[in-house]
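Report on the structure given below.
The values are calculated or read from the model by the stated rules, or taken from the named source; none is laboratory data. Only a predicted model underlies this, so the values are computations on that prediction, with no experimental measurement involved. Because the Cβ atoms are built from the backbone with ideal geometry, glycine has one as well, and the counts that use them run over all protein chains shown.
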Amino acid sequence: MRNSRLLSLKPFVLLGRDIKAFLLRARQHPTPILVILPSFLLTIIFVYFFILWTLTLSFTTSTLIPQYNWAGWKQYFILWSLPNWYKAISNLGIFGVLYIGFSCGIGLLLAILLDQRIRFEGFIRPILLYPMSLSFIVTGTAWKWLLNPGLGIERVVRNWGWESFTFNWIIDPDRAIYAVILVGVWQSTGFVMTLFLAGLRGIDSDIIKAALLEGASIYKIYLRIILPQLRYTLLSAVIILAHLAIKSYDLVIALTGGGPGNATELPATFMYSYTFTRSKMAIGSASAIMMFMTVVAVIGPYLYNEFRTKKQ
Amino acid sequence: MKKDNDSVLYMHSPIIRIIIYGLLLLACLSFLFPLYVMIVTSFKTLEEIRKANMLALPENFTLMPWISAWQESCVGLRCKGLKDYFYNSIEIVVPGVVISTFLGACNGYVLTKWRFPGHNWVFGLLLFGCFIPFQAILIPAARTLGILAISNNPIGLILVHIAYGVGFTTLFFRNYYEVFPTELVQAATIEGAGFFQIFFKIMLPSSVPIIVVCFIWQFTNIWNDFIFGVSFTSGEGIPMTVALNNLANSSTGVKEYNVHMAAAIIAALPTLLLYILSGRYFVRGLMAGAVKG
């Protein structure tokens, strides 16, 4: 299949031949090519040209408005010397690991629980998944209220009689990032559960039947047969969640606004505030390019793999 | 995929089954509890919110927070409620969804039934666009919309949503048409049907499920968008999510939590209703968007 050509090691040799064949076809039968052309041009401009544009800006001294003077790697050196950027990066590390870890852990557990011939499955599944249809702004607004120490969950538990209960993560600079993680996990777990449930349902039941006949215990079957087969589902889930974590902007803005102080600063909020509120467009661009490279590093191998497995 | 609910392997022991049902109940409660609190809070007076337990049902049931959120609450300095921003979002979502779905259908059709040399390059380039973090294109997009004089204008946001949605919609339709029998298309060609005739008479009528999936996916994404809205619009042109955020995060005045909750529910309602009415398709879209191919 031609799919392999897209990502094989010598695409450029073949590119020339493709272009020739393409031009010939374009002359003979232009309609299909003309139909796809608008979308293609739109993507070329809005994705590829714009990324190059951002890259260019990151090598300039642009502040409030773009300037096109060459400044070399200066902005990247500045970026990596900013404590705020370190805070954003380390928060992304904490957020990424715990958000992905908890979403996958709880999602897998719920999927296994739901796969036990549960009577009300059709009723439970939508309940677990509905947060995924909400905007992060809605979720953030709601949870900001739930996590409000004076009025929210803290007060409810104190009213129940546990007077010393404190749950003030959202205003505690050391804990605020965990509040963001909590809400992110709440929003994404149902989705991960759905992925895992589809994975569980896709496993060949003959193998399991055979193992049961052999007298293997249910726990052993889960550990030895089922969980190993879910590793590709897990990989998909981790990549999608990592992608969401790197991009996540709305949730932090709605929940904490990046605060208290810069306690919940993430690269996405950093990029926005440096570009649009602090008028340091070149530094903002440099941070955007760092984010882009990170996403490429996460998604690239995955896409490559997807194309390769399709070929087989 | 097996049919739902017939797994070969499951735990029989009654005690374990009680624990399983207990855990699932707990999960359902913790997923529903924020929604419950939002709803009850939106019907309470501010006084009651300060006084009583968050979980309690409203004592003096009031619709005022809803009325206030819809037509009186202040977003910035403008105190005319959220209704105009709600309409803004609709104005953006409807054309955005329709056009990007239509383009996706055309592209999927070309990429499966009218392949040309290099079609995989085109698809690969379109697909990669789905994954970029929007921060990497935010500044150029803002400049371009400014130059074209369509920033702070629904047309600008529609254009942006089409540009970054078309990769996904193409993916949906490509995967759907890939398994559509090519023989049918060939037979129609022999009968003398042209490119567009086949598309409108054969492909589109048999694409209802994927059109629904694509529609829901795009509707949810565009309605819930925040970063484009906040970057490219301001004042009266902002979409619903941005208005909600400005309302809930305004630093002036008393925090009217009941109004905030009513506003959040209003902002959530379109996508939530869509999800409740067509959950199956929503899940399909998520899965297709998640597991490529």
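Answer with yes or no whether B:V242 is within 11 Å of chain A (Cβ to nearest Cβ), part of a helix (DSSP H, G or I), without any contact (Cβ under 8 Å) to a residue 24 or more places away in the chain and aliphatic (A, V, I, L, M). Even if it seems obvious, please write down each step before you answer.
On the way: within 11 Å of chain A (Cβ to nearest Cβ): yes; part of a helix (DSSP H, G or I): yes; without any contact (Cβ under 8 Å) to a residue 24 or more places away in the chain: no; aliphatic (A, V, I, L, M): yes.
Judged against the criteria, B:V242 is not a match.
Quick one: how many residues across segment A:153-186 are of a type in the set (S, T, Y) and surrounded by 15 or more Cβ atoms within 10 Å (Cβ to Cβ)? It would help to see each step written out before you state the result.
Quick first cut of segment A:153-186, residues of a type in the set (S, T, Y) only: A:164, A:166, A:178.
From what is left, the residues that are surrounded by 15 or more Cβ atoms within 10 Å (Cβ to Cβ) are A:178.
Summing the residues that are of a type in the set (S, T, Y) and surrounded by 15 or more Cβ atoms within 10 Å (Cβ to Cβ) in segment A:153-186 gives 1.
Conditions first: (1) within 8 Å of another protein chain (Cβ to nearest Cβ); (2) part of a loop (DSSP other than H, G, I, E, B). A:T166 passes all but one, so which condition is the exception?
(1)
Considering only residues that are within 7 Å of another protein chain (Cβ to nearest Cβ) and over 29 Å from A:M291 (Cβ atoms), which ones fall in segment B:112-142?
B:W114, B:F116, B:P117, B:G118
Residue-wise test of (1) assigned to a loop (DSSP other than H, G, I, E, B); (2) assigned by TED's automatic domain parsing to the domain that holds B:A263; (3) aromatic (F, W, Y); (4) surrounded by 14 or more Cβ atoms within 10 Å (Cβ to Cβ).
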{"residue": "B:I18", "(1), (2), (3), (4)": "no, no, no, no"}
{"residue": "B:P34", "(1), (2), (3), (4)": "no, no, no, yes"}
{"residue": "B:V37", "(1), (2), (3), (4)": "no, no, no, yes"}
{"residue": "B:K44", "(1), (2), (3), (4)": "yes, no, no, yes"}
{"residue": "B:P58", "(1), (2), (3), (4)": "yes, no, no, yes"}
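Just to be sure, is A:T277 buried (at least 18 other Cβ atoms within 10 Å of the Cβ) and either free of Cβ contacts under 8 Å to residues at least 40 places away in the same chain or farther than 30 Å from A:L110 by Cβ (or both)? Spell out the reasoning first.
Numbers: buried (at least 18 other Cβ atoms within 10 Å of the Cβ): no; either free of Cβ contacts under 8 Å to residues at least 40 places away in the same chain or farther than 30 Å from A:L110 by Cβ (or both): yes.
In short, no.
Looking at segment B:236-293, which of the residues that are modelled with pLDDT under 75 and hydroxyl-bearing (S, T, Y) is farthest from A:D250 (Cα to Cα)?
Here the residue is B:T252.
Name every residue in segment A:91-111 that is more than 7 Å from chain B (Cβ to nearest Cβ) and either under 18 Å from B:M287 (Cα atoms) or of a type in the set (S, T, N, Q) (or both), in order of residue number.
A:N91, A:I100, A:S103, A:C104, A:G107, A:L108, A:A111
Across segment B:46-56, which residue is nearest to the other protein chains (Cβ to nearest Cβ) among those that are assigned to a helix (DSSP H, G or I) and buried (at least 16 other Cβ atoms within 10 Å of the Cβ)? Outline the logic, then answer.
Taking segment B:46-56 as the starting set, the residues that turn out to be assigned to a helix (DSSP H, G or I) are B:46-51.
Of the ones still in play, those that are also buried (at least 16 other Cβ atoms within 10 Å of the Cβ) are B:46, B:48-49.
Values: B:L46: 11, B:E48: 11, B:I49: 7 Å.
Filtering first and then ranking leaves B:I49.
Residue under question is A:I208, and the condition is that it be β-branched (V, I, T), part of a helix (DSSP H, G or I), touching a Leu at 6+ places or on another chain (Cβ under 6 Å) and within 8 Å of chain B (Cβ to nearest Cβ); does it hold?
Values: β-branched (V, I, T): yes; part of a helix (DSSP H, G or I): yes; touching a Leu at 6+ places or on another chain (Cβ under 6 Å): yes; within 8 Å of chain B (Cβ to nearest Cβ): yes.
Yes, satisfied.
Take residues that are over 21 Å from the mean Cα position of the chain (by Cα) and hydrophobic (A, V, I, L, M, F, W, C) and tell me which of the helices (runs of 4 or more DSSP H) falling wholly in segment A:1-110 contain 3 or more.
Numbers: elements: A:3-7, A:11-28, A:31-43, A:50-58, A:74-79.
By residue number, A:11-28, A:31-43, A:50-58, A:74-79.
How many residues does segment A:149-163 contain that are part of a helix (DSSP H, G or I) and more than 25 Å from A:G105 (Cβ to Cβ)?
Quick first cut of segment A:149-163, residues part of a helix (DSSP H, G or I) only: A:153-159.
Cutting the leftovers down to more than 25 Å from A:G105 (Cβ to Cβ) gives us A:154-156, A:158-159.
Count: 5.
Can you find even one residue in segment A:62-74 that is surrounded by fewer than 21 Cβ atoms within 10 Å (Cβ to Cβ) and within 22 Å of A:E265 (Cβ to Cβ)? Give the steps one after another, and end with the answer.
Initial filter on segment A:62-74 (surrounded by fewer than 21 Cβ atoms within 10 Å (Cβ to Cβ)): A:63-74.
Retained after the next criterion (residues that are within 22 Å of A:E265 (Cβ to Cβ)): A:63-64.
Looking for residues that are surrounded by fewer than 21 Cβ atoms within 10 Å (Cβ to Cβ) and within 22 Å of A:E265 (Cβ to Cβ), one finds at least one in segment A:62-74, hence yes.
Of the numbered conditions (1) in a helix (DSSP H, G or I); (2) farther than 17 Å from A:I289 by Cα, A:E265 satisfies every one except a single condition; which is it?
Going through (1) in a helix (DSSP H, G or I); (2) farther than 17 Å from A:I289 by Cα one by one, A:E265 breaks only (1).
For residues that are in contact (Cβ under 8 Å) with a residue 12 or more places away in the chain and not in a loop (DSSP other than H, G, I, E, B), scanning just segment A:139-148, find the one that is nearest to the other protein chains (Cβ to nearest Cβ). Before you say what the answer is, go through the steps one by one.
Of all residues in segment A:139-148, those in contact (Cβ under 8 Å) with a residue 12 or more places away in the chain come to A:139-141, A:143-144, A:147-148.
With the extra rule that they be not in a loop (DSSP other than H, G, I, E, B), the set shrinks to A:139-141, A:143-144.
On the way: A:T139: 8, A:G140: 8, A:T141: 4, A:W143: 7, A:K144: 7 Å.
This residue is A:T141.
Which is in contact with a Phe, Trp or Tyr (Cβ under 6 Å, 6 or more places away or on another chain) and either part of a helix (DSSP H, G or I) or surrounded by 21 or more Cβ atoms within 10 Å (Cβ to Cβ) (or both), of B:I210, B:I202? Don't jump to the end; show me each part of the working.
Working: B:I202 fails: in contact with a Phe, Trp or Tyr (Cβ under 6 Å, 6 or more places away or on another chain).
Matching residue, one of B:I210, B:I202: B:I210.
Do we have A:I181 as more than 10 Å from every other protein chain (Cβ to nearest Cβ), in contact with a helix residue (DSSP H, G or I) (Cβ under 8 Å, 6 or more places away or on another chain) and part of a helix (DSSP H, G or I) here? Reasoning before the result, please.
Values: more than 10 Å from every other protein chain (Cβ to nearest Cβ): yes; in contact with a helix residue (DSSP H, G or I) (Cβ under 8 Å, 6 or more places away or on another chain): yes; part of a helix (DSSP H, G or I): yes.
Criteria met by A:I181.
Among the residues of segment B:30-50, which ones are under 12 Å from B:A262 (Cβ atoms) and charged (D, E, K, R)?
Across segment B:30-50, the qualifying residue is only B:K44.
Can you give me the ranges of the helices (runs of 4 or more DSSP H) entirely in segment B:64-137 with at least 2 residues that are in contact with a strand residue (DSSP E or B) (Cβ under 9 Å, 6 or more places away or on another chain)?
By residue number, B:83-113.
Residue check: is A:V252 among the β-branched types (V, I, T), without any contact (Cβ under 8 Å) to a residue 12 or more places away in the chain, in the same structural domain as A:V180 (by TED's automatic domain parsing) and assigned to a helix (DSSP H, G or I)? Walk me through it before giving the result.
Values: among the β-branched types (V, I, T): yes; without any contact (Cβ under 8 Å) to a residue 12 or more places away in the chain: no; in the same structural domain as A:V180 (by TED's automatic domain parsing): yes; assigned to a helix (DSSP H, G or I): yes.
Against the criterion (among the β-branched types (V, I, T), without any contact (Cβ under 8 Å) to a residue 12 or more places away in the chain, in the same structural domain as A:V180 (by TED's automatic domain parsing) and assigned to a helix (DSSP H, G or I)), A:V252 does not qualify.
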